[in-house]
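Novice: Right, I'll just put the structure down here and ask away after.
The values are calculated or read from the model by the stated rules, or taken from the named source; none is laboratory data. From a predicted model like this one, the values you see are computed outputs, not experimental measurements. Note: ideal-geometry Cβ built from the backbone for every residue, glycine included; neighbour counts use all protein chains shown.
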Amino acid sequence: MNTTEEVRTSKTKNEKSCCGPECCSDENTDTDVAVDEKSEAELKEIVKEQYSKVALASNESNESSCCGTTSSCCSTDSSVGYTIMADEYKDLKGYNPDADLGLGCGLPTQFARIKEGDTVVDLGSGAGNDCFVARAETGEKGRVIGIDMTPAMIDKAKVNAEKLGFSNVEFHLAEIENMPIENNTADVVVSNCVLNLVPNKTAAFAEVYRIMKPGGHFSISDIVLSGELPAKIRTAASMYAGCVSGAVKKEEYIDIIKNAGFVNIIIQKEKHITVPDDIYFDYLTKEEVTEFKKSGFGIFSITVYAEKA
Ligand SMILES: C[S@@+](CC[C@H](N)C(=O)[O-])C[C@H]1O[C@@H](n2cnc3c(N)ncnc32)[C@H](O)[C@@H]1O
């Protein structure tokens, strides 16, 4: 483990905010059926619905961002937003504000060792944020492929690529567990805050292994947990779509990567995510929150590197 960094959690007016509990919705996504009773297909529908709202809200309210200065779409309170997981992208080469919906939980490209001419695949590419940063490193000779299962995200990413005039950045509507990509294609795979949302992580990493060239590698930022979530949080749909309750423990995450066949697995960065109490109060009483916080539970963003031998 190289770095542990406490993340500042802020709750400020009109601040951009998305990936996190209660992400980007004025509606309560929780239904009467608990998340652990839903099928994989139903969980994916919840995710698609939520991220579709994010993409469409960003188009309608502010051409450049989901929760820009004209609107605070990513909160249950119209005047307040949360910044919980997202890292700062602005200083990265290739950064495109139109593609940055504040949905990430790390900077996977920072550790991705992308070289000129590389083929890079971004899993759960959203509006294309990491694809455009990767494109700055691959240059014109490279190829960048974004995969996302939410049609509104793919549409937005394609508009962004067209505006930038990139002919070697492509976006495909597909599921990570079944990508329309030939075996041994990618030099590098990146992903930002996505695999926690995939119910079958084993299938996802097997597919990453399949599309990667021998000698290729990935850099993936994602959410992992330590300790146990209270049932009321674990089973809430909004906590699933908000990148919390679909996450697994760090050891389990690393084991899935190992079992997929990857080697030289390194956690390049780890940071603790602090969730404001008032989010927990939507699910738990004050007393339950106090107990829960004493239990040693933690939410972490990790950026993992691994190679295909
Ligand atoms: C938290 S957002 C992150 C978006 C982007 N990586 C970013 O940082 O801006 C998660 C994205 O992953 C996509 N996604 C979730 N599960 C997926 C799956 N199984 N296959 C393809 N895309 C998926 C969602 O549609 C959504 O756009």
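Novice: Any chance region 233-256 includes a residue that's in a loop (DSSP other than H, G, I, E, B) and surrounded by fewer than 20 Cβ atoms within 10 Å (Cβ to Cβ)?
Specialist: Step one: list which residues in region 233-256 are in a loop (DSSP other than H, G, I, E, B), which gives 235-236, 242-248.
This time we only want the ones that are surrounded by fewer than 20 Cβ atoms within 10 Å (Cβ to Cβ), so: 235, 248.
Yes.
Novice: Let me spell it out: the conditions are (1) part of a strand (DSSP E or B); (2) within 12 Å of the ligand (Cβ to nearest atom), and HIS217 meets all of them except one. Which number is the exception?
Specialist: Failed condition: (2).
Novice: Look at VAL121 and say whether it is within 12 Å of the ligand (Cβ to nearest atom), β-branched (Val, Ile, Thr), in contact with a Gly (Cβ under 9 Å, 6 or more places away or on another chain) and over 30 Å from PRO276 (Cβ atoms).
Specialist: yes
Novice: Taking PRO199 and the conditions (1) buried (at least 18 other Cβ atoms within 10 Å of the Cβ); (2) in contact with a strand residue (DSSP E or B) (Cβ under 6 Å, 6 or more places away or on another chain); (3) over 21 Å from GLY94 (Cβ atoms); (4) of a type outside the set (Gly, Ala, Ser), which numbered condition does it fall short on, given that it satisfies the others?
Specialist: Failed condition: (2).
Novice: Please identify the pairs in which a residue from region 172-183 that is within 9 Å of the ligand (Cβ to nearest atom) and among the acidic types (Asp, Glu) has its Cβ atom under 8 Å from the Cβ atom of a residue that is modelled with pLDDT under 95 and assigned to a loop (DSSP other than H, G, I, E, B), counting only partners at least 6 apart or on another chain.
Specialist: Pairs found: none.
Novice: Could you please tell me which pairs satisfy a Cβ distance under 6 Å, a separation of 6+ or placement on different chains, a first residue in region 194-211 that is within 17 Å of LYS308 (Cβ to Cβ) and in a helix (DSSP H, G or I), and a second residue that is basic (Lys, Arg) and within 12 Å of the ligand (Cβ to nearest atom)?
Specialist: LEU195/LYS201
Novice: Now for a different question. For region 289-299, indicate whether the set of residues that are crowded, with 20+ Cβ neighbours inside 10 Å, closer than 30 Å to PHE111 by Cα and either under 16 Å from the mean Cα position of the chain (by Cα) or without any contact (Cβ under 8 Å) to a residue 60 or more places away in the chain (or both) is non-empty.
Specialist: Yes.
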